Structure formats: structure tokens, C-alpha cells
Amino acid sequence: MIAGLASTRSVYCAAVPGQMYDPAVQRAVLEKLARWRQLPEGDLIGMLSPVERLRFRPEALDDLVWDGFIEAHLAGDERVVSITAAGEAWLRGERAD
């Protein structure tokens, strides 16, 4: 019984790959893009506050692309991101359909 409990417990204690990002980072990213329209990823990250940079994960941009709030493409060796109309509407608090 103890061995069965230990094996079940280990599943819940296992390391999870990746780290969660703070959703506030997404708002900060959208605010920067609303002002500048299009930025290389490195410049965008550089514009974030020190705390936002610590909380930033590349998955935040991937999720914004998936939600349709930004577009991303490669230019040379760096990803360039730009805000969409849906992203601007989300910042204004409107529902983007």
C-alpha cells in the first residue's frame, strides 16, 4: 500500500517543464505594440520593465499569436511582432469577435 501511494505521489511532485508567465506581461506587450505598431522581439523585451522582463516567457507571445492579438514573422534571425486590430480592441476593453 505504501509503495502504491509513493508512486501516485511522485506523479504530482514531478517537475513541470517550462514556467508559467504572469498574464500581466501580455498586457505590457500589447501596450508597447499599440504605441510602436511593430517591433523586433529583442527590442520589445528591452522595453519591458525589469520586473516584466523577469516574468516574460516566449510562450506569452505564442499565446498572443494564437489568440489573434499579435502577428509574428521572422525577419533575418529575429522574430518581429505587430499588434492586430483584435489586440487593440482587447486593450480598449472591447470584445473582439
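The rows are residues; the columns are (1) assigned to a helix (DSSP H, G or I); (2) loosely packed, with under 12 Cβ neighbours inside 10 Å; (3) at pLDDT 95 or above.
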site	(1), (2), (3)
Asp43	yes, no, yes
Gly46	yes, yes, yes
Val51	yes, no, no
Asp63	yes, no, no
Glu71	no, no, yes
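For the structure I just gave you, tell me whether Val11 is modelled with pLDDT of 90 or more and part of a helix (DSSP H, G or I). Walk me through how you get there before you give the answer.
Values: modelled with pLDDT of 90 or more: no; part of a helix (DSSP H, G or I): yes.
No: the conditions fail for Val11.
Condition first: without any contact (Cβ under 8 Å) to a residue 40 or more places away in the chain and on the phi > 0 side of the Ramachandran plot. Now tell me which residues in region 25-68 satisfy that.
The answer is Gly68, and nothing else.
Out of (1) at pLDDT 90 or above; (2) in a helix (DSSP H, G or I), the odd one out for Leu5 is which?
(1)
Within region 74-90, track down each residue that is closer than 13 Å to Gln26 by Cα and assigned to a helix (DSSP H, G or I).
If the condition is that a residue be closer than 13 Å to Gln26 by Cα and assigned to a helix (DSSP H, G or I), then Gly87, Glu88, Trp90 are the ones that fit.
Kindly evaluate Glu59 against the criterion of being acidic (Asp, Glu), at pLDDT below 90 and either within 16 Å of the chain's Cα centre (by Cα) or part of a helix (DSSP H, G or I) (or both).
Numbers: acidic (Asp, Glu): yes; at pLDDT below 90: yes; either within 16 Å of the chain's Cα centre (by Cα) or part of a helix (DSSP H, G or I) (or both): yes.
When the stated conditions are applied, Glu59 passes them.
The values are calculated or read from the model by the stated rules, or taken from the named source; none is laboratory data. For clarity, every value in this text was computed on a predicted model and none was experimentally measured. No Cβ is skipped: glycine too gets one built from the backbone with ideal geometry, and neighbour counts run over all protein chains shown.
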